[in-house]
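What follows is a single structure, written as structure tokens, with notes after it.
The values are calculated or read from the model by the stated rules, or taken from the named source; none is laboratory data. Just so it is clear, the structure is predicted and the values come from calculations on it, not from any experiment. Positions of Cβ are backbone-derived with ideal geometry, glycine not excepted, and every protein chain shown enters the neighbour counts.
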Amino acid sequence: MRVFLSLTALYLKSFYNLPGKRAPGAKTTPKDVFKALGIGLLALFVVGQMGALFIATNMAMYEALAPAGLQGLVLLNMAVLATVLTLAVGFLTALSTYFLNDMELQFLSMPIKPKALLGAKFAAVYVAEAVVSIFFIASAVIIFGIKEAPHPLMYLWGILAGMLLPMPALALSYLIQIPLMGIARFLKNKQTILFIGGILGLAMALGFNLYFQSTLSRLGDPAWLARHVAGPDSLLAKLGSAYPPALFTWRALSDPASPQALTSMALMALMCMAGPALVVFFLSDAYAKSLVGFNESQIKKLGAAGANAFIQAKLRRGPVFLSLVKREINLMNREPVYLLNGPFLIVLGPIIIGILMIAQKDAFLSDPDLAGVLALLRNGGGAILAGLAGAFLGSGTSISCTALSRDAKALPFLKSLPLSAGRFMLAKLAHGLVFALFGSIMGAGLSGYALRLSASDMAAALIVAIGLSFLLNLGGLWLDTANPRIKWDNPMAALKQNPNSVIAILGAMGIAGASGYAAFALGLSTWVFAFWFGILPLLAFALLLFPYPRYAAKRIAALEA
Amino acid sequence: MIELSAITKTYAKSAVKAVDSLSLTIKNGEIFGFLGPNGAGKTTTIKVVTGVLKADCGAVRIDGVDLAAAPLDAKRRIGYVSDNPELFARLKAAEYLNFVADVYGVGSVERQERIARYTALFGIKDVLSASIGSFSHGMKQKLLISASLVHDPDNWLLDEPMVGLDPKSAFSLKEIMRERAAAGKTVFFSTHVMEVAEKLCDRLAIINKGAIVFNGTLAELRTSQGVDDSLEKLFLELVDDSEEATA
């Protein structure tokens, strides 16, 4: 048991990047306070966003079902969705943490029972699942509680359900993954897993986005409601009855003080806990075996003639700056964590907005509150919106604002080369600007096309997108040069856990929002807006670019990586 | 030729001098071994010479070029093998070599010829199209060594170059060192392998706690210690003596 607990604690620290114990006498610096505040604000922002989505969906569903006396179905929907949500999140977390790093191989050489190994990993992944599940269930239970004033036991059953429902979902994830890892050799590679996990994660996130958006927009339609939620043959009813833990949760929460509630909860607890127990009992050995040979490299070799031909064809002189930019692009786009959380936003952003537009189009067009906005968009405001959309896509790639942090491990080598640090950093900026241009064209172009902008308005939108995104990229590079994240063990830390990328994205959002507000509030015409928010940022970009190489050289010389 | 005059370096987060007023001259045509226990200041010194770290005071000259005054000119005269070959896992070996050759301005014909020669010598010619991330530690080390020679530098600095090399590659490396010294070029390397230093070096320096405790030939070291022992024993005695002196 001690081994299991130690392993669980170690996995928890590794998975969630938890800080270690503070050294005795260690002082809290202003930087620590600022960092804690920043992380707190970000957490609040993320939780707030998710909470708002969950609450809006549950509230809308309650109000649509209450007139027919079917409001109890909100609880069934909650139980089904909590299961599906935790299955999706659990599957991805289990996959991405299946083989953490070579430390796992070290564990295999230690006297650790496979059951402790799998059990500890299950427990560590489960913690995140439980948090998501409880959070989601709380959003439904609190609404139901305020509206219906049920017996207080409902809250207890709700918390218990939140803790129990993720267990079988996670067990199912391992039930799929362990045999798969045992037979599919190509999957036993951390990078392949990260890439597949990233794509699956995006697909699932888009799926949930589509579900919530379309549910919200159609709850007012009685025929849709009967077909998908309320009727005995509805999808929700079928899912609920096919999955007993969800059905028992619904029964217990619908009549929380009855003896049947206690029985339902007991049965549900039994069923949910059986999942992990069975997986750990029967699959631990297979899990331990599947870790053997993980990350084994298979190198493609050339024949003697092939190697000579390869050298002749591929090793050719090129311009140094181009070589530097190519290196930047290759290093970023070949690292799944960087690609999916960076440049891929240029593709992902339009897809998310596209889903929102398709799912909510009718609601947007018929919403009286949005009538004024639609009128503004039709009268020149479209160029502003398109320009700002392009600016956000062009500046949200995290390329420039993490450029130095991502290269932290190679800094000593790069500093030994006969290259000025300014030139080397300008190549990083060029990399950011290539994608800023691409993002600007995608964002402004697609929005302009959707809004049927004239050629002149489209040109103005592009100028704004390029001006703002170039300036924001340079700002991000200044930020990362001033305060790079030098020490990290996992590439993820250089981008996803880098405060600079958070500041840059939130800053881009804030600037885009403030610019849009200013344009509408001041009633700026399209080209006046293009001047203030496109031409002027470009001038500012040129002004800030001039002193940057000298600053970068000075700053990099001072870094003792 | 590499000249270090009164180099001192203290890391920002440390109160102790990693290198303290260190002076050395490595002449052309010389293989110079740099020995010392862990944390003695070997890597710090090499990093100062290659421009990776900035010395607090003192001067470094490469072939007479002041590193502080003309860093790019000085660095062009150096080939550097760092102590950590974990570089650019996402690049292919050929892309890495091409990048280094571009930075040093090596022409297509010369780079093809040198890369073919050195990668063949170290047995990695057939994996040039593979990703560096798939390489073993030893293969990465061989790639780093090949890359450091792509511009045929006059001054070759190697930090623990034998780590991870198989016997054949270690032999090839020693042969290249000898060949370069015979051609009048400078070879400066750090090592913990006393046998290698004993057989290979024309001169050597021993550093402990940031200061040079010996600088000369092996014969001079034996004379100064008054015994005809192996380098390993002489090294241990010298380091112990300097530890006691500072205790």
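Six or more apart or on different chains, Cβ atoms under 9 Å: show the pairs whose first residue is in region A:108-134 and assigned by TED's automatic domain parsing to the domain that holds A:Gly158 and whose second is aromatic (Phe, Trp, Tyr) and outside any helix (DSSP H, G or I).
As it stands, the answer is A:Lys121/A:Tyr98, since those pairs meet every condition given.
Within 14 Å of chain A (Cβ to nearest Cβ), assigned to a loop (DSSP other than H, G, I, E, B), crowded, with 22+ Cβ neighbours inside 10 Å and without any contact (Cβ under 8 Å) to a residue 40 or more places away in the chain - does that describe any residue in region B:42-50?
Scanning region B:42-50 turns up no residue that is within 14 Å of chain A (Cβ to nearest Cβ), assigned to a loop (DSSP other than H, G, I, E, B), crowded, with 22+ Cβ neighbours inside 10 Å and without any contact (Cβ under 8 Å) to a residue 40 or more places away in the chain.
Search region A:35-63 for residues that are not assigned by TED's automatic domain parsing to the domain that holds A:Leu506 and pair each with any residue that is surrounded by 12 or more Cβ atoms within 10 Å (Cβ to Cβ) and not in a helix (DSSP H, G or I) when their beta-carbon atoms are under 7 Å apart and the residues are at least 6 apart or on different chains.
Note: pairs meeting the criteria are A:Ala60/A:Leu219; A:Met61/A:Leu219; A:Tyr62/A:Gln71.
Does B:Val65 satisfy the criteria of being in contact (Cβ under 8 Å) with a residue 12 or more places away in the chain, within 14 Å of chain A (Cβ to nearest Cβ) and buried (at least 24 other Cβ atoms within 10 Å of the Cβ)?
Taking the combined requirement at face value, the residue does not satisfy it.
Return the only residue of A:Phe321, A:Phe344 being more than 9 Å from every other protein chain (Cβ to nearest Cβ) and crowded, with 17+ Cβ neighbours inside 10 Å.
After applying the criteria, what remains is A:Phe344.
Just one of the numbered conditions (1) assigned to a loop (DSSP other than H, G, I, E, B); (2) not assigned by TED's automatic domain parsing to the domain that holds A:Leu283; (3) not β-branched (Val, Ile, Thr) is not true of A:Leu70; which one?
Result: A:Leu70 passes all but (2).
I'd like to know if region A:510-523 contains one or more residues that are at pLDDT 90 or above, under 18 Å from A:Leu345 (Cα atoms) and surrounded by fewer than 17 Cβ atoms within 10 Å (Cβ to Cβ).
Yes, there is a match, as at least one residue in region A:510-523 is at pLDDT 90 or above, under 18 Å from A:Leu345 (Cα atoms) and surrounded by fewer than 17 Cβ atoms within 10 Å (Cβ to Cβ).
Working carefully through the options A:Ala203, A:Ala169, find the one that is surrounded by fewer than 16 Cβ atoms within 10 Å (Cβ to Cβ), part of a helix (DSSP H, G or I) and either in contact with a strand residue (DSSP E or B) (Cβ under 9 Å, 6 or more places away or on another chain) or assigned by TED's automatic domain parsing to the domain that holds A:Ala242 (or both).
One residue alone meets the criteria, A:Ala203.
Name the pairs: first residue in region A:541-561 and in a helix (DSSP H, G or I), second residue modelled with pLDDT under 95, Cβ to Cβ under 6 Å, at least 6 apart or on different chains?
A:Pro549/A:Gly422; A:Ala552/A:Ala421; A:Ala552/A:Gly422; A:Ala553/A:Ala421; A:Ala553/A:Gly422; A:Ile556/A:Ala421; A:Ala557/B:Lys54
Is it true that A:Ala88 is surrounded by fewer than 23 Cβ atoms within 10 Å (Cβ to Cβ), within 15 Å of A:Leu164 (Cβ to Cβ) and either touching a helix residue (DSSP H, G or I) at 6+ places or on another chain (Cβ under 6 Å) or outside the structural domain of A:Gly197 (by TED's automatic domain parsing) (or both)?
no
Please enumerate the residues belonging to region A:294-307 that are free of Cβ contacts under 8 Å to residues at least 60 places away in the same chain and either surrounded by fewer than 12 Cβ atoms within 10 Å (Cβ to Cβ) or more than 7 Å from chain B (Cβ to nearest Cβ) (or both).
A:Gln298, A:Lys300, A:Gly303, A:Ala304, A:Ala305, A:Gly306
Regarding region B:14-22, can at least one residue be identified that is out of contact with any Leu (no Cβ under 7 Å at 6 or more places or on another chain), free of Cβ contacts under 8 Å to residues at least 24 places away in the same chain and of a type in the set (Ser, Thr, Tyr)?
Looking for residues that are out of contact with any Leu (no Cβ under 7 Å at 6 or more places or on another chain), free of Cβ contacts under 8 Å to residues at least 24 places away in the same chain and of a type in the set (Ser, Thr, Tyr), one finds at least one in region B:14-22, hence yes.
Counting just the residues of region B:139-184 that are closer than 17 Å to B:Asp202 by Cα and assigned to a strand (DSSP E or B), which one comes out farthest from the chain's Cα centre (by Cα)?
Taking the candidates together, the pick is B:Asn155.
Consider A:Ala465 carefully, then state whether it is of a type outside the set (Asp, Glu), farther than 25 Å from A:Leu404 by Cα and either part of a helix (DSSP H, G or I) or in contact with a Leu (Cβ under 6 Å, 6 or more places away or on another chain) (or both).
Answer is no for this residue.
Among the listed residues A:Ala557, A:Ala521, identify the single one that is within 14 Å of chain B (Cβ to nearest Cβ) and of a type in the set (A, V, I, L, M).
Values: A:Ala521 fails: within 14 Å of chain B (Cβ to nearest Cβ).
Only one candidate passes the filter, namely A:Ala557.
Can you tell me which residues in region A:324-335 are crowded, with 20+ Cβ neighbours inside 10 Å and more than 10 Å from chain B (Cβ to nearest Cβ)?
A:Glu328, the sole residue that qualifies.
Consider A:Met50 carefully, then state whether it is surrounded by 13 or more Cβ atoms within 10 Å (Cβ to Cβ), modelled with pLDDT under 85 and farther than 30 Å from A:Ala493 by Cβ. Quick ask: steps written out before the conclusion?
Details: surrounded by 13 or more Cβ atoms within 10 Å (Cβ to Cβ): yes; modelled with pLDDT under 85: yes; farther than 30 Å from A:Ala493 by Cβ: no.
Criteria not met by A:Met50.
Restrict the check to region B:184-203 and report whether at least one residue is assigned by TED's automatic domain parsing to the domain that holds B:Thr44, touching a residue at least 60 places away in the same chain (Cβ under 8 Å) and surrounded by fewer than 13 Cβ atoms within 10 Å (Cβ to Cβ).
yes
Could you check, for region A:78-89, whether at least one of its residues is under 29 Å from the mean Cα position of the chain (by Cα), under 21 Å from A:Leu278 (Cβ atoms) and of a type outside the set (A, V, I, L, M)?
Yes, because at least one residue in region A:78-89 is under 29 Å from the mean Cα position of the chain (by Cα), under 21 Å from A:Leu278 (Cβ atoms) and of a type outside the set (A, V, I, L, M).
Return the residues of region B:68-102 that are among the aromatic types (Phe, Trp, Tyr) and either in a helix (DSSP H, G or I) or more than 11 Å from chain A (Cβ to nearest Cβ) (or both); say none if nothing qualifies. Spell out the reasoning first.
To start, the set of residues in region B:68-102 that are among the aromatic types (Phe, Trp, Tyr) comprises B:80, B:88, B:96, B:99.
If the condition is that a residue be among the aromatic types (Phe, Trp, Tyr) and either in a helix (DSSP H, G or I) or more than 11 Å from chain A (Cβ to nearest Cβ) (or both), then B:Tyr96, B:Phe99 are the ones that fit.
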